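Undergrad: Quick one: structure below, then a few questions.
The values are calculated or read from the model by the stated rules, or taken from the named source; none is laboratory data. What you are looking at is a predicted structure, and each value in this text was computed from that prediction instead of being measured. Please note: Cβ atoms are built from the backbone with ideal geometry, for glycine as well, and neighbour counts cover all protein chains shown. Areas reflect the complete protein model, heavy atoms only, side chains present, ligands, DNA and RNA absent. Shrake-Rupley method; radii C 1.70, N 1.55, O 1.52, S 1.80 Å.
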Amino acid sequence: GESVGLHLPTLSVQEGDNSIINCAYSNSASDYFIWYKQESGKGPQFIIDIRSNMDKRQGQRVTVLLNKTVKHLSLQIAATQPGDSAVYFCAEKRCGGANSKLTFGKGITLSVRP
Amino acid sequence: DSGVTQTPKHLITATGQRVTLRCSPRSGDLSVYWYQQSLDQGLQFLIQYYNGEERAKGNILERFSAQQFPDLHSELNLSSLELGDSALYFCASSEAGVSYNEQFFGPGTRLTVL
């Protein structure tokens with residue numbers, strides 16, 4: 001069956017460094033890949049998405065890279081800040097009718113050291 | 001603040017009982033999604049409603065049901081509760097577009113079954 005999983009459960013980075021969070025997926029039919037961030041005590045929050053026919057997309061301080069050959073997705077955060085400390089989820093979506101079902105990975109904790 | 005509200009924030013009940021979780025989507029959003037988040041299963045999609053109609057089903061147990069009302073608020077009903085149903089339940093909403101990937105999550109309801 002389809003699955004979206006994250007390589008590592010935790011990631012610790014120094015404030016100001018760049019962070020790279022990786023994700024593997026198995027469903028080649030996914031149309032979109034999305035990153036969400038969940039801060040403690042809150043619901044997940046959309047960060048950025050990428051269509052399956054793209055290999056890179058940039059946002060504000062974040063970049064998502066998609067490598068379809070090895071079914072790998074990554075989120076790069078530039079100049080990591082304490083406010084970036086959260087659990088990050090990758091998710092995938094297949095478009096079909098009005099079905100917007102997201103399949104989430106397990107989540108990886110990003111901890112920013114001051 | 002995502003604009004999605006959920007009540008109650010916390011719910012403690014006993015096995016065998018029935019509870020109702022309530023969600024009000026963002027103003028103008030027609031789609032409502034329910035997710036269950038537990039430590040061992042991560043974030044699991046349960047069900048989606050679009051403008052009052054069920055649109056997609058995920059890993060939702062037969063003991064669980066949901067509905068979306070004409071004013072677009074939604075309720076998730078959990079019955080014959082078991083210890084394993086203890087989890088965070090999130091509601092999310094989004095605009096109607098099929099290709100729209102940003103779902104806005106509420107703060108969640110933490111359900112504890114004793």
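Undergrad: Would you confirm whether or not the range B:6-26 contains a residue that is closer than 21 Å to residue A:103 by Cα and among the polar types (S, T, N, Q)?
TA: no
Undergrad: Of all residues in the range A:97-114 being in a strand (DSSP E or B) and open to solvent by 40 Å² or more (accessible area, probe 1.4 Å), which is nearest to the other protein chains (Cβ to nearest Cβ)?
TA: A:99
Undergrad: Which condition breaks for residue B:79 when tested against (1) modelled with pLDDT under 95; (2) closer than 18 Å to residue B:111 by Cβ?
TA: (1) is the only condition that residue B:79 fails.
Undergrad: So, one more: Would it be correct to say that residue B:45 is modelled with pLDDT of 95 or more, facing another protein chain (nearest Cβ under 9 Å) and in a strand (DSSP E or B)?
TA: Taking the combined requirement at face value, the residue does not satisfy it.
Undergrad: Oh, and also: Being more than 23 Å from residue B:58 (Cβ to Cβ), away from chain B (no Cβ under 11 Å) and either modelled with pLDDT of 95 or more or buried (at least 18 other Cβ atoms within 10 Å of the Cβ) (or both) is the requirement here; does residue A:14 meet it?
TA: Against the criterion (more than 23 Å from residue B:58 (Cβ to Cβ), away from chain B (no Cβ under 11 Å) and either modelled with pLDDT of 95 or more or buried (at least 18 other Cβ atoms within 10 Å of the Cβ) (or both)), residue A:14 qualifies.
Undergrad: Has the range B:14-26 got any residue that is over 25 Å from residue A:38 (Cα atoms), open to solvent by less than 40 Å² (accessible area, probe 1.4 Å) and more than 9 Å from chain A (Cβ to nearest Cβ)?
TA: yes
Undergrad: Return the residues of the range B:51-107 that are within 14 Å of chain A (Cβ to nearest Cβ), open to solvent by 10 Å² or more (accessible area, probe 1.4 Å), of a type outside the set (Phe, Trp, Tyr) and part of a loop (DSSP other than H, G, I, E, B); say none if nothing qualifies.
TA: Within the range B:51-107, B:51, B:52, B:58, B:59, B:60, B:95, B:96, B:97, B:98, B:99, B:102, B:107 meet the criteria.
Undergrad: Still on this structure: Please go through the range A:17-56 and give me each residue that is part of a strand (DSSP E or B), more than 11 Å from chain B (Cβ to nearest Cβ) and over 15 Å from residue A:108 (Cα atoms), ordered by number.
TA: A:56
Undergrad: I'd like the full set of residues that are crowded, with 20+ Cβ neighbours inside 10 Å and of a type in the set (A, V, I, L, M, F, W, C), limited to the range A:22-46.
TA: Residues satisfying the conditions are A:23, A:33, A:34, A:35.
Undergrad: If you scan the range B:27-42, which residues turn out to be open to solvent by 30 Å² or more (accessible area, probe 1.4 Å) and hydrophobic (A, V, I, L, M, F, W, C)?
TA: B:30, B:39
Undergrad: If you go through the range A:49-90, how many residues are of a type in the set (D, E, K, R), open to solvent by 40 Å² or more (accessible area, probe 1.4 Å) and in contact (Cβ under 8 Å) with a residue 40 or more places away in the chain?
TA: 2
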